[in-house]
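Below is one structure, written out as structure tokens, with a few remarks after it.
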Amino acid sequence: MSKRITDIICPFCGTLCDDIEIDVSDDGKQILEVYNACAIGSEKFLHVQSPDRITRPRMKQEDGSWNEITYDEAAKYTAKILCDAKKPLMYGWSSTSCEAQSIGHMIGEQVGGVLDNTATVCHGSTLIAMQDVGIPSCTLGEVKNRADRIIFWGCNPAHAHPRHMSRYSIYSRGYFTGKGSKSRKIIVVDPRPTDSASLADEYIQVEQGRDYELLDAFRAALKGAPLPEMIAGVPSEKIYELVEILKQGRFVVIFFGMGVTHSLGKNHNIDMAIALTSDLNNYTKASIIAMRGHYNVTGSGQVLGWQFGFPFCVDLSRGFARYNPGETSSNDLLMRGEVDGCLVIGSDPGSHFPIGSVKKINAIPTVCVDPHMTPTAAISKCHVPVALVGIEVGGSCYRMDNVPIDSRKVVEPPAGMLTDAEFLDLVLKEVNQIKGDAT
Amino acid sequence: MTSIHIKNGFVVDPAQGIHGDKKDIFIENGKIVKSLTHAEKTIDASGMVVMAGGVDIHSHVAGAKVNVGRNFRPEDKMQSTYEPYHGIRHMAGGTSVPTVFKTAYTYADMGYTTVIEAAMPPLYARHTHEELRDTPILDQAALPMFGNNWFILDYLKRGEIENAAAYTAWLLRATKGYGIKCVNPGGTEAWAWGLNCLSIDDPVPYFDITPKQIVSGLMEVNESLHLPHSLHLHSNNLGNPGNYTTTLDTLKLSEGIKPNNNFNREQVLHHTHIQFHSYGGTTWADFESKGKEVMDYINNNPAVTCDIGFVTLDETTTMTGDGPFEYHLNKLNHLKWANTDVELECGSGIVPYVYSKDVYVCGVQWSIGLEMALLAKDHMRCHLTTDHPNAGPFWRYPRVIKWLMSEKARNDVFASMKNEDKVRDRSTLGSIDRELTLYEIAQMTRAGTAKALGLSSSIGGLAPGMQADVVVYPYNPETDSDPEKIEWAFSHAKYLIKSGEVILNDGELVSNGNKKTYWVDVTTKPNRQVERDIDRTFVKYYTVTKNNYEVTEHEFMKNPCAVKIDAVQ
């Protein structure tokens, strides 16, 4: 026999689907079947019972082999390297719960750490653009219920956010969009003819790295200004035509991804995309939404925001919070050799950071808190496997549109494994002890 | 600390009609008591004012839009004022939109112990509660927004008060909310299509209901549920010249509705930040105050309370559930604009704003707030707020108190304005010599607000049996005459006690207290139709499931305090 658990939240991407159903064995230990999730989400749920799962913390030996230690020993080591460091980097936070983040922040306060999340190599440029020009946005339900013009710019939901299109943006049938995809015009702007582009009514193949020019041309066309014949590989008639399509829509939404946030121009691309959205509001209703990646990178920005006032790159090393991307951002700190101790949690910079930074992480004492054996874990001095948030422990998470959803526990973690919040709690206690402050 | 004796202070307590008499206050087990045989701590309040802890009825301190305000304004942090981590104090920073820690510490320094978050989008309720949970010291509650909610629009259009009430009870429970907030009724739903409702008779697109029906219906719902607080309203047409007629039309909707509750609440309508709604003229060129007209109406209608929303002449961050207003404000100042429309429920916008004393419109806005407060006849019904951070940050309350208590302080501001004559010409403030007393200030900041919230049996006063929220301000009403001393004293409470626990001792933070969060749990008759409507709407139109919508007390609230009401009959 098995039992069905419903309303489960998928802890993979920023779409944060909350309609997953899972059959678990009667004893609540085995996941038998996953329903409604995409291929990536299903795999994440099923992976928890992988036989090669690491269930205890390990220290790396001189010869590169791993030696199993207890969680207490791992917590002591983590506390020590954070307290010993002049500028410890505490990076990641995007694949864990807000509760764990909060405990991490209290550690950061005491050790004078730099708290940075994966936005630093992802939508950090979006956050900077918001600080420049604001952001007119909406929840994904507004898209579902009202939007009749959808632009995907530099993002490929077919691969990165697989259920986004069916739940919110293309096929969903909402209150004012009863005909689903037939009620919407889909425009995809991408240098590559992606699988998402194949679903579009209009696919615009922008020349690589020239998004800024094209966005700028959209704004100009909207204002009725003359355009040269070709812009960024797109004929001007096409741009005028698209602008007309947008103006005639009732509700326009622009979704954008890493294709614009980390190509040439970075935050300036987003400035322009937001400015275009604002301008469109002179004619119709328009919103813009960032396709956030990790399931709780948005939550990390929120918790940092209400506790320290900044969404990422928060440097606490002077005893108060400072924010200055370029100076206080992980890669800049690592590349300049300023970091002398590192805690990585809920992310894999070993895979995502430039090699120069990865070498630095390898060279300094680094603790990696991650359920899986990742490239980051491989270059760390200490690897602390933890229970998976959203599967083996619940916790608050924020969807890409900032909607908070409380993720659920589905099955028990392997016996004796701690959650990241529990492990960070141990570290906080050790730090308190080292700092001689029992409060 | 279980027993405290505060002796020899000038006690100002409108809840008991005490006007600054020298009295002793005794505290035991978290409550005010008549007397003590032995006090474990004695506080000498000689030459100082003793009041109940402040109660803020309307402030935006937690939740989605507040956090957008923080995150999209790094320039608001002011590095030099960022307070370092020290002992039990967390790092605390932010100017117009402080972090949760700075919010709590600053309110404590001002002698406040209860702060109501004025606008909670239901879908974002969990976020609001996470921030409230992380805000130390203060007792809090949040008001979910109903005025553009599809269920409410549908039920009220058909006159189904009972269904609207059943849904309201469900939503209060699901969001752990305290009362009914209504922001720009119908206008924010219209804004989802880029439109607005500017009068109480403007129909809401598609839903075909008017703001008038929404406001009247929500007042009826509120009374049928016997809620502790009344409808908390931000009416249509905020911030526009000539809007006072809309405001008067709206206020008149309260006539004929009777308060029905067991919380000693006497009003049926609380109109918030009334200053923003009392404008005359037709454009910004002939902009003028209609504060007198609006306040005259409120003075004569005991079923209405208001808070002012004083403009403090600062750089700030405006944020409101009135999405279309923020769009239009951005069209005026062209600073950055953030907006979030929330599915089926509401919306919000955020725009930084500089109220410059040298811009005459800002000067007139400043004078309207003060004019209205000085023309008010009953300060139990006219409350002190800055609609934080919209008209100014909350930490300017002490300055507002100074202006209210000193004509000289007001004249100093007038004299510093570039357009003094023009500003003086557009309101009656310059001709008012009234100076409010400490008693009236206490009505505006604790006794009156607690009563309007339906909490007057436990907070806002110093009567035996009440929760021991007590503040001692270093101000001597017999000898201090410098208005600057007023501002200083009200921002530097000497002692603060919350629920019997010492929070500030000789001005030093000694405890983060034991905050609690109020919410209202109303039981109504089972209503199958509403249950079915909720189920169906979640399946068809929401992007979260119904089971993932509800905020649980256990995970998201520190010391949840449910006010239970039986509205079955």
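In terms of packing, defined here as the mean over residues of other Cβ atoms within 10 angstrom, the peptides B:262-271, A:254-263 line up highest first as A:254-263, B:262-271.
Diffusion coefficient of region B:59-106 by Stokes-Einstein, Kirkwood radius over Cα pairs, 20 °C, 1.002 mPa s: 196 µm²/s. With only the Cα atoms considered, region A:139-219 has a convex hull volume of 92 Å³ per residue. Based on every Cα atom in region B:411-476, Rg and the maximum pairwise Cα distance Dmax equal 17.9, 52 Å.
Tell me, rounded to the nearest percent, the portion of alpha carbon pairs in region B:228-338 spaced more than 18 Å apart. Across region B:228-338, Cα pairs with separations above 18 Å total 54 percent. Annotation for region B:25-75: trypsin sites (Lys or Arg not before Pro) lying in DSSP loop with at most 16 further Cβ atoms inside 10 Å of their Cβ are B:34. Computed over all pairs of different Cα atoms, the Kirkwood value for the hydrodynamic radius of region B:309-397 is 14.0 Å.
At an R0 of 22 angstrom, the distance between the Cβ atoms of residue B:514 and residue B:554 translates into a FRET efficiency of 0.80. Annotation for residue A:84 and residue B:562: the two label points, set 7 Å from Cα along the Cα-Cβ direction, are 5.1 nm apart.
Inter-chain Cβ neighbour count for B:61-73, averaged per residue, equals 5 (cutoff 10 Å, partner chain atoms only). Taking every C-alpha pair closer than 8 Å and separated by at least 6 residues, the mean separation divided by the residue count of region B:54-452 gives a relative contact order of 16 percent. Taking a Cβ cut-off of under 14 Å around residue B:491, the surrounding Lys, Arg, Asp and Glu residues balance to a net charge of +3, with basic ones at +1 and acidic ones at -1.
Spatially, region A:57-75 and region A:380-423 are offset by 22 Å when compared through their Cα centroids. Spatial offset of region B:373-401 relative to region B:222-254 amounts to 18 Å, using the alpha carbon center of each. Rounded, prolate or oblate: which fits region A:237-308 when a ≥ b ≥ c are the square roots of the eigenvalues of the alpha-carbon gyration tensor, with rounded for a/c under 1.5 and prolate only if a/b beats b/c? Taking the square roots of the gyration eigenvalues as a ≥ b ≥ c, region A:237-308 is prolate. Of the GluC sites (Glu not before Pro) found in region A:213-270, those in coil by DSSP whose Cβ has at most 12 other Cβ atoms within 10 Å are A:229.
Annotation: Cα Rg of chain A relative to the compact-globule expectation 2.2 N^0.38 Å equals 1.03. For chain B, complete DSSP H runs whose alpha carbons reach 15 Å or more along their own long axis and whose mean Kyte-Doolittle score is 1.0 or higher are B:360-375. When the helices of chain B are scored as -39500 (n - 2.57) per DSSP H run of n ≥ 4 and the total is divided over every residue, the value at 222 nm lands at -9000 deg cm²/dmol.
Here is the tail figure for region B:114-216: Cα pairs spaced more than 21 Å apart come to 38 percent of all pairs.
For a 28 Å ceiling on Cα separation, which of these pairs sit above it: A:29/A:144; A:60/A:359; A:185/B:176? From the list (A:29/A:144; A:60/A:359; A:185/B:176), the Cα-Cα distance tops 28 Å for A:29/A:144; A:185/B:176.
Stretching residue B:537 away from residue B:335 to a fully extended chain increases their span by 69.0 nm, per 0.36 nm per residue minus the current alpha-carbon distance. When you restrict to C-alpha pairs under 8 Å that are six or more residues apart and normalise by the size of region A:124-290, the relative contact order lands at 31 percent. Couplings 3J(HN,Hα) of region B:40-49, computed from phi: 6, 9, 10, 10, 8, 9, 4, x, 10, 8 Hz, in residue order, whole Hz [Karplus 6.51 cos²θ - 1.76 cosθ + 1.60, θ = phi - 60°; x for Gly and Pro].
At full extension, residue B:421 and residue B:485 could sit 20.2 nm farther apart than now, given 0.36 nm per residue minus the alpha carbon distance. When only the Cβ of Lys, Arg, Asp and Glu is charged (+1, +1, -1, -1), the dipole of region A:124-290 relative to its Cα centre reaches about 860 debye. Between residue A:422 and residue A:318, the modelled label-to-label distance comes to 4.0 nm, taking each label 7 Å out from Cα in the direction of the beta carbon. At most 14 other Cβ atoms within 10 Å and a DSSP loop assignment: could you name the chymotrypsin sites (Phe, Trp or Tyr not before Pro) in region B:265-320 that fit? Filter output for region B:265-320: B:284.
Rounded to the nearest Hz, the phi-derived 3J(HN,Hα) couplings of region B:551-564 under the Karplus curve 6.51 cos²θ - 1.76 cosθ + 1.60 (θ = phi - 60°) are 8, 8, 4, 4, 7, 10, 10, 8, 6, x, 10, 7, 8, 8, where x marks glycine and proline. Counting Cβ atoms of other protein chains within 10 Å of each residue's Cβ and taking the mean over peptide B:319-331 gives 1. When the alpha carbon gyration tensor of chain B is reduced to an equivalent ellipsoid, its three semi-axes come out at 34, 29, 22 angstrom, largest first. The three principal axes of the C-alpha atoms in region A:306-396 carry coordinate ranges of 35, 33, 20 Å, sorted with the longest axis first. Computed from the Cα positions only, the extents of region A:54-157 along the three principal axes stand at 59, 30, 26 Å, in decreasing order. The spread of Cα positions in region B:1-160, taken along each principal axis and listed from longest to shortest, comes to 58, 51, 26 Å. In region A:184-297 the Cα-Cα distances spread across 10 Å bins starting at 0 as 14, 48, 35, 3, 0 percent of all pairs.
If R0 equals 60 Å, the separation of the Cβ atoms of residue A:205 and residue A:63 corresponds to a calculated FRET efficiency of about 0.70. Charging the Cβ of each Asp and Glu at -1 and of each Lys and Arg at +1, and nothing else, the dipole of region B:54-452 about its Cα centre rounds to 660 debye.
Averaged over residues, the count of other Cβ atoms within 10 Å places the peptides B:82-93, A:418-429 in the sequence A:418-429, B:82-93, highest first. According to the square roots a ≥ b ≥ c of the eigenvalues of the Cα gyration tensor, what is the shape class of region B:91-169, taking rounded for a/c under 1.5, prolate for a/b larger than b/c otherwise, and oblate for the remainder? Verdict is prolate for region B:91-169.
Wrap a convex hull around the Cα atoms of the protein assembly as shown, take a quarter of its surface area, and give that in square nanometres.
Values: hull surface 160.1 nm².
For the protein assembly as shown, the mean projected area of the Cα convex hull comes to 40.0 nm².
Our summary gives chain A a relative contact order of 24 percent, counting only alpha carbon pairs under 8 angstrom and 6 or more residues apart. Scoring B:216-226, B:119-129, B:523-533 by mean Cβ neighbours within 10 Å over their residues and listing the highest first yields B:119-129, B:216-226, B:523-533.
Would you give the gap between the C-alpha center of region B:287-309 and the C-alpha center of region A:247-308, rounded to a whole Å? Between the Cα centres of region B:287-309 and region A:247-308 lies a distance of 41 Å. With the cut-off at 17 Å, report for region A:2-48 the share of all Cα pairs above it, as a whole percent. Percentage above 17 Å: 25.
Residues B:538, B:394, ranked from the fewest to the most other C-beta atoms within 10 Å, line up as B:538, B:394. Taken residue by residue and averaged, Cβ atoms of other chains lying within 10 Å of the Cβ of B:553-561 number 1.
Computed from the coordinates by the stated procedures, all read-outs in this text should not be read as laboratory data. On a predicted model such as this, the values are computed, not experimentally measured, just so you know. With ideal geometry, Cβ positions are generated from the backbone for all residues, glycine too; neighbour counts draw on all protein chains shown.
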